[in-house]
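To keep things clear, I will list the structure first and then write my remarks on it.
Only the coordinates and a few stated rules stand behind these numbers; no lab work does. Keep in mind it's a predicted model, so treat the numbers as computed, not measured. Here the Cβ is made from the backbone with ideal geometry for all residues, glycine too, and neighbour counts use every protein chain on show.
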There are 2 protein chains.
Amino acid sequence: MKKIQLDQTREFSPIAIKNFVLHDSAYFKIINFNIGAGQLFPVHSHDIEGQLSMIVIEGEGEFLGDDSSIPAKTGDMLVCDISVPHGVKARTDMRIIVTIAPPI
Amino acid sequence: MKKIQLDQTREFSPIAIKNFVLHDSAYFKIINFNIGAGQLFPVHSHDIEGQLSMIVIEGEGEFLGDDSSIPAKTGDMLVCDISVPHGVKARTDMRIIVTIAPPI
């Protein structure tokens with residue numbers, strides 16, 4: 001049983017997105033990405049089996065697809081196949097928790 | 001690509017814990033439990049392979065183990081094997097998002 005405190009990884013950088021691997025096991029990988037206001041998590045995909053969830057725990061911006069964008073704010077969650085293009089654009093400082101299963 | 005809005009499942013009941021299955025696939029199952037102030041999510045376990053994560057998105061209380069309790073508040077996360085006894089006690093109205101991989 002492992003407790004993780006997300007207020008301990010609340011770091012942003014003007015240079016690049018900060019990321020913290022919170023957990024990595026045979027079952028899933030959990031990563032906290034802190035995306036500064038204006039920063040872009042580029043749309044990407046991996047040609048493998050599996051899905052990811054992405055929950056916004058702070059801030060707002062957009063969930064991105066290949067040619068789409070969906071408003072995203074605290075309390076919004078995205079679920080998609082790992083093979084489907086996905087990204088994030090932050091309007092304000094934005095924190096997301098990504099869970100990938102099975103882990104990449 | 002599926003967007004889930006957690007502010008649409010913010011329901012509590014004085015009778016029992018409310019739960020909403022947000023996603024269920026071959027890879028993981030994601031459930032929102034809304035535990036009213038004073039309510040108990042009893043300690044339990046399943047004798048199967050896999051892990052779960054539990055993130056507190058609102059409120060505070062305690063993560064419970066067999067003979068243990070750990071303070072839990074918004075932004076705290078628990079990761080444990082599904083086979084390890086786990087539960088939650090809510091001090092205030094408390095919302096948690098549980099991800100189970102592989103899904104039960």
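Here the dipole of segment B:31-101 is about 260 debye; that uses its Cα centre as origin and unit charges on the Cβ of Lys and Arg (positive) and Asp and Glu (negative).
Amide H contacts under 5 Å for residue A:37: A:93, A:94, restricted to partners 5 or more places along the chain or on a different chain, H placed in the peptide plane at 1.01 Å from N. Compactness ratio for chain A: Cα radius of gyration over 2.2 N^0.38 Å (N = residue count) comes to 1.02. By the scheme Lys and Arg +1, Asp and Glu -1, what is the net charge of all other residues having a beta-carbon under 13 Å from that of residue A:71? Value of the local net charge: 0. Across segment B:45-92, the convex hull enclosing all Cα atoms gives 58 Å³ per residue.
Chain B has one residue whose beta-carbon comes closest to the axis relating it to chain A; that residue and its distance in whole Å are B:101, 2.
Below 8 Å, C-alpha to C-alpha, sequence gap of six or more: please give me the relative contact order for chain B in percent.
34 percent
Between the C-alpha center of segment A:1-73 and that of segment B:40-94 there is a gap of 23 Å.
For residue A:22, the residues 5 or more places off, or on other chains, whose built amide H falls under 5 Å of its own are A:30, A:31, A:32. Neighbours of residue B:46 by Cβ distance under 14 Å: Lys/Arg scored +1, Asp/Glu scored -1, total -2.
Across segment A:62-74, coupling constants 3J(HN,Hα) worked out from phi with the 6.51/-1.76/1.60 Karplus curve, θ = phi - 60°, read 9, 7, 10, x, 4, 10, 9, 8, 10, x, 9, 9, 3 Hz, and Gly and Pro carry x. Computed from the Cβ-Cβ distance with R0 of 22 Å, the FRET efficiency linking residue A:92 to residue B:58 stands at 0.65. Restriction of the GluC sites (Glu not before Pro) in segment A:14-104 to DSSP coil positions whose beta-carbon has at most 15 other beta-carbons within 10 angstrom yields A:49. Only lysine pairs 8 or more places apart, or on different chains, with alpha-carbon atoms under 18 angstrom apart are counted in the protein assembly as shown, and they number 19. All Cα-Cα separations within the protein assembly as shown were binned at 5 Å from zero, giving a P(r) of 1, 7, 16, 20, 21, 17, 10, 5, 2, 0, 0, each value a whole percent of the pairs.
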